[in-house]
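For reference, the structure is listed below as structure tokens.
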Amino acid sequence: MRLAYSEVESVLKSVLLRNGFSADNASLCARLFAETTLDGVYSHGLNRFPLFIDAVQRGVVIPDCEPTLVRALNNFECWDGNLGPGNLNAWFCMGRAVDLAEEYGTATVSLRNTNHWMRAGTYGIQAAAENCIGICMTNTTPNMPPWGSRDATVGNNPVAIAVPHEPYPILLDMAMSQFSYGKMEVLKQRGEKLPCAGGFDKELQLTDEPGEILESGLALPMGNWKGSGLAVMIDLLVSILSGGSTTREIGRRDEEFGVSQLFMAMDLDQVGDGGDKTRAIKEICDSLLESSAVEAGGPVFYPGQQTGLRRKENLDKGMPVDPETWEKIVALG
């Protein structure tokens, strides 16, 4: 089934208001969930909303908590999320990074003691809308084995990078695992396999069955040892610069909360070579779009281009919504 964006946003806001959110926070939180679904990232949009509300009702996410400043040094700030809603905390911190970048050219903002931020790309897009390059990253609970190990001791630690571009930013949004757990949840729900092996089953055999990987909690690092190494470095960056929890510390808890994050913004009006900032963007995008597609494939896209196309389609036709998921959300209101 397909639903209009306005209807989805309105229902989500109503549910949030019933669960302790202020009017302003409910509006922003509903918008972020709805826009994530609008862009086709269903795993971190509507599909995750019932789990988010469950976390609110159990006190894991505290709806009325706001971030507080821990320390500031010129174009660097560190904030404590006080276990507030992860997407609202992340939106606030990327906003601070953009404000500081307007003053200093570049800025870094760290965040500790926060919750799952939903879609990483949201905050890259947020920066790009203000003519900034945006970079953000987070650690997670241990859900991936480091290369050469059979134990899940590192997180799949997502990162997003966005560059301003019209009509939609150039956006890379990825976890350090071959497939994100959210993506595997969606494929399991549809009864589909992964396009290639994405993790290990309980017998430590590689598998393309998302349900088996979800059960084992052993996702395959993307690029094998490369993804594993990147995951470790992200954990180091976010926990050191925020003074927050590491993946290992998060894993000692009953569930994932109190994660650490990092947000960076670079104001394109101030940084770079001082010349035409669109030259490199155009050259790189053209080199991708003009390249020849493989015989069995479709056209070549720049990162984020298909997301922009999905957004347009879903605005025109309505957003695809799983009926069972929508029924659960409506019942929450």
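The values are calculated or read from the model by the stated rules, or taken from the named source; none is laboratory data. Remember, it's a predicted structure, so these values are computed and weren't measured experimentally. Here the Cβ is made from the backbone with ideal geometry for all residues, glycine too, and neighbour counts use every protein chain on show. Only protein heavy atoms, including side chains, enter the accessible area calculation; ligands, DNA and RNA are left aside. Shrake-Rupley method; radii C 1.70, N 1.55, O 1.52, S 1.80 Å.
On the stretch given as segment 66-78, residues that are touching a residue at least 60 places away in the same chain (Cβ under 8 Å) and closer than 17 Å to residue 117 by Cβ total 1.
Of the numbered criteria (1) assigned to a helix (DSSP H, G or I); (2) open to solvent by less than 70 Å² (accessible area, probe 1.4 Å), the one residue 283 fails is (2).
Scan segment 195-211 for residues that are within 14 Å of residue 179 (Cα to Cα), open to solvent by less than 70 Å² (accessible area, probe 1.4 Å) and not polar (S, T, N, Q) and jot them down.
If we filter segment 195-211 for residues that are within 14 Å of residue 179 (Cα to Cα), which is where we start, we get 195-200, 206-211.
Imposing the further condition that a residue be open to solvent by less than 70 Å² (accessible area, probe 1.4 Å) reduces the set to 196-200, 207-211.
Listed by number, the residues that qualify are 196, 197, 198, 199, 200, 208, 209, 210, 211.
Of the strands (runs of 3 or more DSSP E) contained entirely in segment 95-194, those carrying at least 1 residues that are open to solvent by 10 Å² or more (accessible area, probe 1.4 Å), in contact with a strand residue (DSSP E or B) (Cβ under 7 Å, 6 or more places away or on another chain) and hydrophobic (A, V, I, L, M, F, W, C) fall at 132-138, 159-163, 170-174. Taking residues in segment 236-261 that are farther than 21 Å from residue 218 by Cα, and partners anywhere that are surrounded by 16 or more Cβ atoms within 10 Å (Cβ to Cβ) and of a type in the set (Phe, Trp, Tyr), the pairs with Cβ atoms closer than 7 Å and at least 6 places apart or on different chains are 261/117. Residue 266 passes every criterion in (1) assigned to a helix (DSSP H, G or I); (2) open to solvent by 20 Å² or more (accessible area, probe 1.4 Å); (3) more than 22 Å from residue 116 (Cα to Cα); (4) modelled with pLDDT of 90 or more apart from (1).
Output the residues belonging to segment 235-263 that are at pLDDT 95 or above, charged (D, E, K, R) and either over 19 Å from residue 117 (Cβ atoms) or surrounded by 18 or more Cβ atoms within 10 Å (Cβ to Cβ) (or both). Within segment 235-263, 235, 248, 252, 256 qualify. State the number of residues belonging to segment 286-304 that are within 20 Å of the chain's Cα centre (by Cα) and open to solvent by 40 Å² or more (accessible area, probe 1.4 Å). Selection size over segment 286-304: 1.
Do we find a residue being part of a loop (DSSP other than H, G, I, E, B), under 19 Å from residue 6 (Cα atoms) and not aromatic (Phe, Trp, Tyr) anywhere in segment 287-305? Steps first, please.
Applying the first criterion (part of a loop (DSSP other than H, G, I, E, B)) to segment 287-305 yields 290-304.
Now narrow it down to the ones that are under 19 Å from residue 6 (Cα atoms): none.
Taking every residue of segment 287-305 in turn, none turns out to be part of a loop (DSSP other than H, G, I, E, B), under 19 Å from residue 6 (Cα atoms) and not aromatic (Phe, Trp, Tyr).
Could you please find all residues in segment 133-184 being of a type in the set (Gly, Ala, Ser) and more than 17 Å from residue 43 (Cα to Cα)? The answer is 134, 148, 149, 152, 155, 162.
Residue by residue, here is whether (1) assigned to a loop (DSSP other than H, G, I, E, B); (2) of a type in the set (Val, Ile, Thr); (3) farther than 21 Å from residue 98 by Cβ; (4) under 20 Å from the mean Cα position of the chain (by Cα) holds:
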{"position": "47", "(1), (2), (3), (4)": "no, no, yes, yes"}
{"position": "55", "(1), (2), (3), (4)": "no, no, yes, yes"}
{"position": "71", "(1), (2), (3), (4)": "no, no, no, no"}
{"position": "79", "(1), (2), (3), (4)": "no, no, no, yes"}
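Filtering segment 4-18 down to residues that are in contact (Cβ under 8 Å) with a residue 40 or more places away in the chain and surrounded by 17 or more Cβ atoms within 10 Å (Cβ to Cβ), which residue is farthest from residue 84 (Cα to Cα)? Step through it out loud before you land on a result.
First, pick out the residues of segment 4-18 that are in contact (Cβ under 8 Å) with a residue 40 or more places away in the chain: 4-5, 8, 11-12, 14-16, 18.
Filter again for surrounded by 17 or more Cβ atoms within 10 Å (Cβ to Cβ), leaving 5, 8, 11-12, 15-16.
Numbers: 5: 25, 8: 23, 11: 21, 12: 18, 15: 17, 16: 13 Å.
Filtering first and then ranking leaves 5.
Pairing residues of segment 314-333 that are within 17 Å of residue 35 (Cα to Cα) and of a type in the set (A, V, I, L, M) with residues that are open to solvent by 100 Å² or more (accessible area, probe 1.4 Å) and assigned to a strand (DSSP E or B), at Cβ distances under 9 Å and at least 6 apart in sequence or on separate chains, gives 319/2; 321/2.
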